[in-house]
Each structure stands twice: as structure tokens, then as C-alpha cells.
Amino acid sequence: MADYYTLGAQLPTLKQGDYRAHQLTSREFVELLMEQGSKSDRKQVGLLLLREDNTLLLQILRGEEVVVPQHKMYVLGEDKLRFLVEATKQRLEAERNAVTEYQELEYPRLPKYVYPQYMEEFVVRYLTEQHDGVAQPFFYADLLLMSYAKHVQREGNSFLRRWFKLEQDIAATLTAVTADKFKLDRKLYILGDSPLYKLLQAGDWNEISYIPEGELVGAMRRIAEEDNLAVREQKIDDYKWRLLDEEIFTDIFSINAMLVYLLKLQILERWEKLDKVQGEQQFREIVSSLNRDFKQEMDDFKKSLKSHAKAKRVRQNSGEDSK
């Protein structure tokens, strides 16, 4: 693990809430970091960047229009992810059409050591369940996040393991709050079996206040009371920023400090306003985007509820027929 005294001393200061154009993009910073970092440190940066590949992968699987911002940096990128999806599609189709288990199948092979195992497994599951018409109660984005977080817990350093656990806990808490708001079954949408997740699934908010994650959960519940989605997202990012500051209070030149700087850059770039007029327009676009995402999630919730209700009726009717 290297120390980054020269790079750290030269980095421009990032201020919370300052979304004006800044001197350094996350892409430029990653390029500098990759040039100077050790092999193990470059691995940590790559683990963090995989979240962008995850977003891209979901867009490709859903058949959505893929827009790759110039300032973002990926580990794999669009072309490699499209090959992963297409090669997996052809393999699954070949396996379904095979006459015998000993038949030699023709399909593109994935190169070794390129794709993380969690990503390959997720694509197989997604394509298989879509082909078979399996209606899952959860969001595939949540399943991918959980698989990715497990990958980070295995491969990441102590800081990344803590940070991704925190992000998972935030997401699970907000999911529980949303489920309560719309009177949905929390157990269907909160994936995981940690003590916190079990309490969230049970809706035992009082007991949660006594566990280590209680403070975070309380903060997220207060933030979730905000009706304006853009303001709510802003408050979540502000909360994360404060935690990032605490992480490097006495540690400003290590790889962890560099990872914190990258995370802060990503937060700023998400909300960046170039000037007042463009900023107002971008703010409206952000609000519109958040509302679209929220509406899509609610549509997914409704579809999954209908699917479960139909399956329950079928089981009940089958039970009556057997009598």
C-alpha cells in the first residue's frame, strides 16, 4: 500500500455543497491514481469503479438507451458488458436446445479473469428468469447491489468493506421505510440476513435503536420524511459526506484518503451546476429523473404484488381441488 503525499498535497479542496465546475473530474483523478498507485491500490480503485459498470449492465439487460458520460470511468465499459450479456444469452440458448448433456455446444466463450464472478452469475440469473417468466418480488438492482457488496467484502480493504456495508444499510433502511409507507411486505424487498436486516424485515424500529446501526437508521428515517425527492437525495449525500470527512480526519495521504476523494468527486458530479441558468435546468432534470425512478419502482412493486396474489390464488384453488 502506497502513500500519496505528493498527489494528496496537490489535490484541490472539495467543499460539501459546492456544485460549481471544479478543477478535476473523477475520470482525471482516477487516471492520476492509476498511474501512481501500487497493484493492490489499483485493485481497490477498480472495486469502487465497478458500481458504474453495474449501472451500465442493468441498462443493457433492460434494453434501455445507454448514455456513457465522458467524465465517468469504468472497469469494463459498454463493449465488454454487451459481450458478457450476448455470450451468456447464446450459452443459455445452446444449453436449452442441447439434445444430450454430452453434446458439444457452440457459443462464444468468456475470457478468463475479466468479469467478476458475481457479475457473471447475476447475468445468468437475470436472463434465465426473464426467459422463464419468473416474477421476483425484489428489484434486480437490489440483488446486483447485494452481490456486488459481497464481492467487495471479499476483495476490498477495511475502508471499502465498511463503506459498502454502510451504503447497503442505507438502502435497506430506505426500502423498509418505503414498504411501510405503501403497506407492503418488508420481507419481500429487504434482501439479506444480518441482524439489522432481520429487524428491518420485522419492522422492529425500537429494537434497532439499540444496535450499532441504530444511529444511521434513525438518521435515514428522519431524512425519508422529506417529501421532495431531490431534497431527500441531497440530504442523504450530505450525510455520507460527513461520514467521509470523519473517515480521513487524521489520515489524508493513504489509499483510503484517495478513495474518499473519489467518492466525494462522484457526489459533486452528480449534482454539479455549471452556472445559475444551467444549474436550475439541471436541478429540474434531476428532480424529473428521481421522480421517474421512483415511479418505476412503484410500478415494479405493484406488478410483483399482483404476481404474488395470483400465485396465492392458484395455490388456494389447487388445495381446494385436491380436497
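The values are calculated or read from the model by the stated rules, or taken from the named source; none is laboratory data. None of these values were measured; they are calculated from a predicted model. Neighbour counts run over all protein chains shown; Cβ positions are idealised from the backbone, glycine included. Calculation scope for accessible area: heavy atoms of the full protein, side chains included, ligands and nucleic acids excluded. Shrake-Rupley method; radii C 1.70, N 1.55, O 1.52, S 1.80 Å.
Take Glu246 and decide whether it is farther than 30 Å from Ser158 by Cβ, open to solvent by 60 Å² or more (accessible area, probe 1.4 Å) and either modelled with pLDDT under 60 or more than 21 Å from the chain's Cα centre (by Cα) (or both).
Answer is no for this residue.
So which of Ala171, Ala179, Ala230, Ala141 ends up being modelled with pLDDT of 90 or more, of a type in the set (A, V, I, L, M, F, W, C) and assigned to a helix (DSSP H, G or I)?
Going through Ala171, Ala179, Ala230, Ala141 in turn, the sole match is Ala171.
Condition check ((1) surrounded by 13 or more Cβ atoms within 10 Å (Cβ to Cβ); (2) under 28 Å from Met34 (Cα atoms)) across all residues:
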position: Val75; (1), (2): yes, yes
position: Pro111; (1), (2): no, yes
position: Met119; (1), (2): yes, yes
position: Tyr126; (1), (2): yes, no
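From the list Arg51, Arg109, pick out the single residue that is among the charged types (D, E, K, R) and over 18 Å from Asn256 (Cβ atoms).
Checking each option against the conditions leaves just Arg109.
Being surrounded by 15 or more Cβ atoms within 10 Å (Cβ to Cβ) and not in a helix (DSSP H, G or I) is the filter; apply it to segment 184-202 and report the residue that is modelled with the highest pLDDT.
Ile190
Between a residue in segment 51-73 that is charged (D, E, K, R) and any residue that is in a loop (DSSP other than H, G, I, E, B) and open to solvent by less than 70 Å² (accessible area, probe 1.4 Å), which pairs come within a Cβ distance under 6 Å, given they are 6 or more apart or on different chains?
Hits for this filter: Glu52/Lys72; Glu52/Tyr74; Asp53/Tyr74; Asp53/Val75; Asp53/Leu76.
Do we find that Glu95 is open to solvent by 50 Å² or more (accessible area, probe 1.4 Å), part of a helix (DSSP H, G or I) and without any contact (Cβ under 8 Å) to a residue 40 or more places away in the chain in this structure?
yes
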